[in-house]
Every structure is written in C-alpha cells, then in structure tokens.
C-alpha cells in the first residue's frame, strides 16, 4: 500500500470520530463531498515528501518536517480537510515556490499553476478527480505580481501570464476543460501573522496584490467556488501550521 492509499484508508477509519464544529450549511456541503476523490493543487505549504509527483520541488521534507511538526498527511491542512470531509486523496500536485503566474526565470509556464503540465496532472490513470481544491497565490502576493489589468497597465501592455487575474482565469479554464465533472474550490489566502509581534496588522495590499478581493469575481465567471480563509472547514491549529511554515521559510 502506497502513502496515498494508506492515508485514504486512515482517513476513512477516523471519519466517525470527527469532532469538527460545522454549521448546518457547512455540514450539508461536507456530506456532499463524503467519499469523493479529491485532488490538491498548490504550492509549498501543500507539499509533503511521498505525496507529490516525482521530481517536484518540495518544502516539507527531511528536517523541516520535524521542525514544523508536519510529519504525516494528517498534520497538513489538506490532510485535515480531506479527513474531516470524509474524502479520499487522489493526487497532490503541489510545487514549492510556484505561482499562479509565470515565474520570471523560467522559459516556459511550468511549474506555474496556469501551465498545461500542471492543470492536466490531477488525475491518476483512469481515475478522475471529483473535487479539486486550489490553494495558490501566496507566492504571487509575495512577489508583488500585478493583480489585474487597469490603471497604468492596459490590456496587452503586460503579457497575460504575468497578471494574476488573467493567469488565474486561464488556470481555471484549463482545469474545467480537463476535468469538466469536477467541483473546483478556490481557497483565498490566509492573513499573514508575525509571531514575535502578534498585534502587527499586515496591509493586505502589501506586495502589490489583494487577492482576496478579486478572487470571487473571476472564480464566479469560471464556475468555481470560493472556500474562504478557513479553507472549507475550521481547521484546528491552522495558524500554528502556517506560522511554522512562514518562520522556517524565512530562515
């Protein structure tokens, strides 16, 4: 039994003992996803050694897993989501350091989220995902990517692959084309947190982009759903995991 199969079996055994507090609407939505094959599409925080495609750039591997207390799939945000929803992990296509937009030092689009290679690699053989959870955009935000055309940058003056909204729309278009039967959930970005100064409030436009405010508009046009800050459910230890990730990455 490989790691993904082992994790899916372990999640199935834990479903009855789940203690997540969900409201009526969340519970109804969760029931609709029970037993569904779920693929994850993300960047570094969604990686874990043994769960991503061979050759992919990983963040959670070796000593970092020990320092961040992310040792198994059950310790990850996506493992908690899938386990709580009673789903089964199909593919985790996450690349550490990837953006939705094109990386400036790359000749082609890969490994960006809008690339053909990644948007067509969320299935396993003949098994197609029934649900795709997209958690991308943190690295676009961190690198000050242009949010959308407008103002001093008119359409055409900047290539679409370097504009977040255009690249995200293209990514969703490809996902819907490749997996027309799948439900797509787009996760907004969690707020940044400074452990040494908890009172500090980050400007959501810092880095040149407020992804949260523009995501719902174009996701609706592509028939995708917005999962929101809590990423589908109220995950325990969410900020602990994210803080550990941010602190380790900054060293």
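Obtain the nm distance between the two label points defined at residue 181 and residue 126 by a simple spin-label model: each point lies 7 Å from its Cα along the Cα-to-C-beta direction.
Each label point is offset 7 Å from its Cα along the Cβ direction, giving 1.2 nm.
Give me the number: length gained by fully extending residue 117 to residue 69, i.e. 0.36 nm times residue separation minus the C-alpha to C-alpha distance, one decimal in nm.
Taking residue 117 through residue 69 to full extension adds about 14.2 nm, to one decimal.
Bins of 10 Å, beginning at zero and ending with the bin holding the largest distance: percent of Cα pairs per bin for the stretch 59-101, please.
24, 47, 29, 1
Report the calculated FRET efficiency for residue 54 and residue 143 (r = Cβ-Cβ distance, R0 = 22 Å), to the nearest 0.05.
Step by step, r from the Cβ atoms, then E = 0.25.
Hey, fewest Cβ within 10 Å first, where do 71, 148 land in order?
Sorted ascending by nearby Cβ count, the order is 71, 148.
Can you give the extra length, in nm with one decimal, that the chain gains between residue 160 and residue 200 once fully stretched, where that is 0.36 nm per residue apart less the Cα-Cα distance?
Length gained between residue 160 and residue 200: 11.0 nm.
Which shape class, rounded, prolate or oblate, goes with the stretch 36-127 when its Cα gyration tensor gives a ≥ b ≥ c as root eigenvalues, a/c under 1.5 marks rounded, and past that a/b bigger than b/c marks prolate?
oblate
If you average 1/r across every pair of different Cα atoms in the stretch 105-144 and take the reciprocal, what Kirkwood value do you get, in Å?
For the stretch 105-144, the Kirkwood estimate is 12.0 Å.
Quick check: residue separation of residue 31 and residue 106 times 0.36 nm, minus the Cα distance between them. What number comes out in nm?
Extending this stretch completely gives an extra 22.8 nm.
Give me 82, 64, 49 ranked fewest to most by other Cβ atoms within 10 Å of their Cβ, as a rough exposure proxy.
In increasing order of surrounding Cβ atoms, one gets 49, 64, 82.
None of the figures in this text is laboratory data; all of them are computed from the coordinates on show. All values derive from a computational prediction rather than experimental measurement. For neighbour counting, all protein chains shown are included, and Cβ atoms are generated from backbone atoms with ideal geometry for every residue, glycine included.
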